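Can you read through this structure? Questions will come right after.
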Amino acid sequence: MTSKLPIDAIRVVFDQFQSGGSMKQQRETFPSAIEATFLVICLYVLEFLIGAVFHDVKNLSGIDPRDAAGVIVVLGNGILFSVLLYYKGLSYSSLFHSSKTSVAAVIGTLSAPILCLIPGITIAMWTIELVLVTLFPLAGWQQAMFDQMMSNGLASVVTLLFIAPLLEEMLFRGVILRSFLLQYSRWHAIFGSAFLFGLAHLNIYQFVVGLALGILSGWLYERTKSLWPSILLHGSYNAAITILYYLTGPEEMFSGWQPPLPYWIIALVFAFAGMSLLQRLLVVRRAPP
């Protein structure tokens, strides 16, 4: 009887270790596709509730909820990320960069080719959106929504160029794609997270842009294990669109304006050069058998 006690004790410890390992694996693979969809819904609910609070205290504080859109987004994401990172046992530093290569090396190497892509991506996405607007004309509320995004001056610029790229990449690449890559095949994971990213914009125009950018951002993240390249891509694209908006004016934003042919040629040359360089830097070539 006594001879079996050490064996029983070892078995108990082993079972506890297995249970702990299973729990750790479960947390690493959270969220699944369904859970990720639920997370996005939760984020919208949080932002709606926080917006409602701002609306209720409008008379006391004098702050219009529309002017506090960036604050509402930051608060909603802050609550969500606090819970997510605690559950997954992640720090913000590991969320942003889990590669063995330093952040400085990644950004220093990839910034130039990523920035080369921006003119071509911007013109291509602009053209696709014009086609979509022709096929599915903007409703009045949709036009008002896009105008509202740009109407708050510096607050809109800060939100579009810094807050939105940072928070959206943290969620869709840093949390969702990170988990998907542990559960699904490489391209299924990248496409799935990009599809959800596009869908989260809640309109067909930004869905297409979100899907395309999400696939490229997902590829960058999968190759580098760092959010900084995708944040740079996302923020630079938003900056280019913002510049075009202010140069052309809201009336011409969706009226069919197209850049001259030389702009197209230059943009495509830069995009080809940037993508070729990224391929050389990031595509792992297997040794011949």
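Under a point spin-label approximation (7 Å from Cα along Cα-to-Cβ), what is the L115-V283 distance to one decimal in nm?
Reported label-point gap for L115 and V283 is 2.5 nm.
With each pseudo-label sitting 7 Å past Cα toward Cβ, what's the A273-Y86 distance in nm, one decimal?
Distance between label points: 5.0 nm.
Keeping every protein chain present and rolling a 1.4 Å probe, give me the accessible area per residue for the stretch 92-144 in Å².
50
Keeping all protein chains in position, work out how much accessible area T101 exposes to a 1.4 Å probe, and write it in Å² to the nearest 10.
Its accessible surface works out to 70 Å², give or take rounding.
Each label point is 7 Å from the Cα along the Cα-to-Cβ direction; what then is the distance between the points at V158 and H188, in nm?
4.3
Can you give the accessible area of V74 in Å² (nearest 10), computed on protein heavy atoms with a 1.4 Å probe?
Accessible surface of V74 is approximately 70 Å².
Rounded to the nearest percent, how much of the accessible area of the stretch 171-223 (1.4 Å probe, protein heavy atoms only) is carbon and sulfur? Each step should come with its number before you reach the end.
Numbers: 1310 of 1840 Å².
Carbon plus sulfur share of accessible area: 71 percent.
Can you sort R186, R178 by solvent-accessible area, 1.4 Å probe, largest first?
R186, R178
As a test of the definition: which semi-axes, in Å, follow for the stretch 161-225 when you take the square root of five times each eigenvalue of its alpha carbon gyration tensor? Largest first, please.
18, 13, 10
The values are calculated or read from the model by the stated rules, or taken from the named source; none is laboratory data. Bear in mind that the values here come from a model prediction, so they are computed numbers and not experimental data. Ideal geometry is used to build each Cβ from the backbone, glycine not excepted, and the neighbour counts take in all protein chains shown. In case anyone asks, the SASA skips ligands and DNA or RNA and just uses the protein heavy atoms, side chains included. Shrake-Rupley method; radii C 1.70, N 1.55, O 1.52, S 1.80 Å.
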